[in-house]
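Asker: To start, I am sharing the structure in question, which I have written as structure tokens.
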Amino acid sequence: MSHESRIILTAQDMGFALKRIALQILEHNHSVADLAIVGIHTCGVDLAERIRMIIQQEEGVEIPSGSLDITLYRDDWSLISQNPVVRTTDIPFAVEGRRLILVDDVLFTGRTIRAAMEALMDYGRPHSIQLAVLVDRSGRELPIQADYTGMQTTVLPHERIQVLLTEHGGHDQVVIQRTS
């Protein structure tokens, strides 16, 4: 099996994309009073934290944040593994009435986001859920779209997008890997 890859976002590109997403969130929401950010495990949590820090620097106020594990909410969890890895969900604020920014690294079929929305509803009824993704790779199976996108690209069926982050021992970049 041969693996070819090409970089589609460098560390600098990722920084610009996350800053643009954060500024668009501020522009769209006008106020951060009832705003909270929730990242989907694994990379979405780290990206959510970066976006939260940019917003806090811009606004000078603390923004609540949390992390969400959607493993058991997936409609395909039994197909993925007999022993799914379940991580911690940590939502240390009241969801009720909040404008939530849900953050994930890659938007593909929409199934992860559907599962995340279902999981969030178990914590209360937010005023709204807005979606921020670093990469939208198209190929939707469900009618879900991002409100804030760092980059849109089309990926062939035999390719996959990998988001590498310094928080996980690598260096920031997004690559398309071709497997054949």
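Since every read-out is calculated from the coordinates, none of them should be taken as a lab result. A quick note: this is a predicted structure, and the numbers were derived from the prediction, not measured. Cβ atoms come from the backbone with ideal geometry, glycine included; neighbour counts cover every protein chain shown.
Asker: For residue 140 and residue 49, calculate 0.36 nm times their separation in residues minus their Cα-Cα distance, and state this gained length in nm to one decimal.
Answerer: My answer for the length gained is 30.2 nm.
Asker: Counting helices only, and only those DSSP H runs with n ≥ 4, report the 222 nm mean residue ellipticity of the chain as the sum of -39,500 (n - 2.57) divided by its residues, in deg cm²/dmol to the nearest 500.
Answerer: Taking each H run of at least 4 residues, the total per residue is -9000 deg cm²/dmol.
Asker: In addition: Rounded to the nearest 10 degrees, what's the angle between the helix 111-121 long axis and the longest principal axis of the chain, both from Cα atoms, 0 to 90?
Answerer: Orientation of helix 111-121: about 20 degrees from the principal axis.
Asker: Here's something else I'd like to know. Per-residue counts of other Cβ atoms within 10 Å, averaged by peptide: what ranking do you get for 99-107, 162-170, highest first?
Answerer: 99-107, 162-170
Asker: Residue 12 versus residue 171, label points 7 Å from Cα toward the beta carbon: distance in nm?
Answerer: 1.3
Asker: Could you rank the peptides 123-130, 45-52 by their average count of other C-beta atoms within 10 Å per residue, with the highest value first?
Answerer: Those peptides, ordered most packed to least, come out 45-52, 123-130.
Asker: In degrees from 0 to 90, rounded to the nearest 10, what is the angle of the helix 43-59 Cα long axis to the longest principal axis of the chain?
Answerer: 40
Asker: How high is the relative contact order of segment 12-155? Use alpha-carbon pairs under 8 Å, at least six apart in sequence, and give a whole percent.
Answerer: 25
Asker: Set the Förster radius R0 to 35 Å, insert the Cβ-Cβ distance between residue 58 and residue 118 as r into 1/(1 + (r/R0)^6), and round the FRET efficiency to 0.05.
Answerer: E(calc), rounded to 0.05, equals 0.65.
Asker: Roughly what % antiparallel, to the nearest 5, for the DSSP beta bridges in segment 12-155?
Answerer: Bridges in segment 12-155 that DSSP calls antiparallel: roughly 5 percent.
Asker: For residue 8, what residues show an amide H to amide H distance below 5 Å, using hydrogens built from the backbone and excluding near sequence neighbours?
Answerer: Those lying under 5 Å, H to H, from residue 8 are 174, 175, 176.
Asker: Sort 64-70, 91-97, 19-25 by packing, meaning the average of other beta carbons within 10 Å per residue, with the highest value first.
Answerer: Sorting 64-70, 91-97, 19-25 by mean packing, highest first, produces 64-70, 19-25, 91-97.
Asker: How charged is the neighbourhood of residue 164? Take every other residue with its Cβ under 15 Å from the Cβ of residue 164, and add Lys/Arg as +1 and Asp/Glu as -1.
Answerer: Result for the neighbourhood of residue 164: -2.
Asker: Write down, largest first, the equivalent ellipsoid semi-axes of segment 12-155 in whole Å, where each equals the square root of 5 times an eigenvalue of the alpha-carbon gyration tensor.
Answerer: 23, 19, 13
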